[in-house]
Amino acid sequence: MKNLLLTTIILASSLLGLQPRAQEIIRQAPCSLPTILEQADSIKKHLADLGFIVVKEASMQMESQYEMPVIVPLNEGSWYQFVFIGDVTSKLYEVRMYDWNEKQVVYQKKMWGDVDGNVISYSYIPQFSEYHMIKPVQVNKKKKNLCGYVMLLKKVK
């Protein structure tokens with residue numbers, strides 16, 4: 001009986017000792033480009049004048065041609081404005097948004113050379129209070145690592 005108890009304690013201790021090393025934490029690294037930060041500040045000021053407040057915002061490192069999922073809780077009937085700002089040298093920018101049931105509810109695409117080509121902005125009023133997934137992507141032929149900026153604003157006035 002003592003051997004079984006001792007074996008159980010040793011086994012549990014070794015498993016507990018391995019667990020923290022087995023878990024790797026992936027953290028999104030922020031990035032900052034002065035041009036993107038200036039655009040973000042200008043857009044925030046303009047939307048604040050229209051009665052929107054910032055709910056969430058973040059700069060993020062992105063890899064060309066790969067989506068960067070952003071999950072946000074949205075409340076039924078509230079008016080939201082989502083903004084994605086990409087690297088000005090990218091040739092393509094896309095944002096897709098999905099509801100909790102993985103139904104695509106928004107799709108926006110811009111190309112380099114479009115007016116405000118590196119900015120995608122859209123309004124959305126959810127029909128249900130639930131999490132939504134927003135997937136911005138940008139394509140750049142000369143750079144692999146890119147900077148992106150996302151903002152979620154909510155109408156309050």
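Hand me the GluC sites (Glu not before Pro) from segment 65-141 located in a DSSP loop with no more than 14 other Cβ atoms within 10 Å, in residue order please.
On the way: sites: GLU67, GLU76, GLU94, GLU102, GLU130; in loops: GLU67, GLU76, GLU102.
Passing sites in segment 65-141 are GLU76, GLU102.
Between SER78 and LYS144, what is 0.36 nm times their sequence separation minus the Cα-Cα distance? Round to one decimal in nm.
Values: separation 66, 0.36 × 66 = 23.76 nm, distance 3.66 nm.
Working it through step by step, the gained length comes to 20.1 nm.
Tally Lys and Arg at +1 and Asp and Glu at -1 over the other residues with C-beta under 13 Å from the C-beta of VAL70: what net charge comes out? Intermediate values should be presented prior to the final figure.
On the way: positive: LYS56, ARG96, LYS135; negative: GLU57, GLU67.
Cβ neighbours under 13 Å give a net charge of +1.
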In whole percent, what relative contact order does segment 34-155 give with Cα contacts below 8 Å and a gap of six or more residues? 43
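What is the extension gain from ALA48 to TYR107, computed as 0.36 nm multiplied by their sequence separation minus the C-alpha to C-alpha distance, in nm to one decimal? Numbers along the way, then the final one.
On the way: separation 59, 0.36 × 59 = 21.24 nm, distance 2.43 nm.
This chain segment gains 18.8 nm when fully extended.
In square nanometres, what is one fourth of the surface area of the convex hull spanned by the alpha carbons of segment 34-155? Walk me through the numbers before you get to the answer.
Values: hull surface 27.7 nm².
Averaged projected area of segment 34-155's Cα convex hull equals 6.9 nm².
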Once you have the Cα-Cα distance between THR35 and VAL156, take 0.36 nm times their residue separation minus that, and quote the gain in nm to one decimal. 40.8 nm
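None of the figures in this text is laboratory data; all of them are computed from the coordinates on show. Fair warning: this is a prediction, and the values are worked out from it, not measured in the lab. Heads up, the Cβs are rebuilt from the backbone with ideal geometry, glycines too, and the neighbour counts pull from every protein chain shown.
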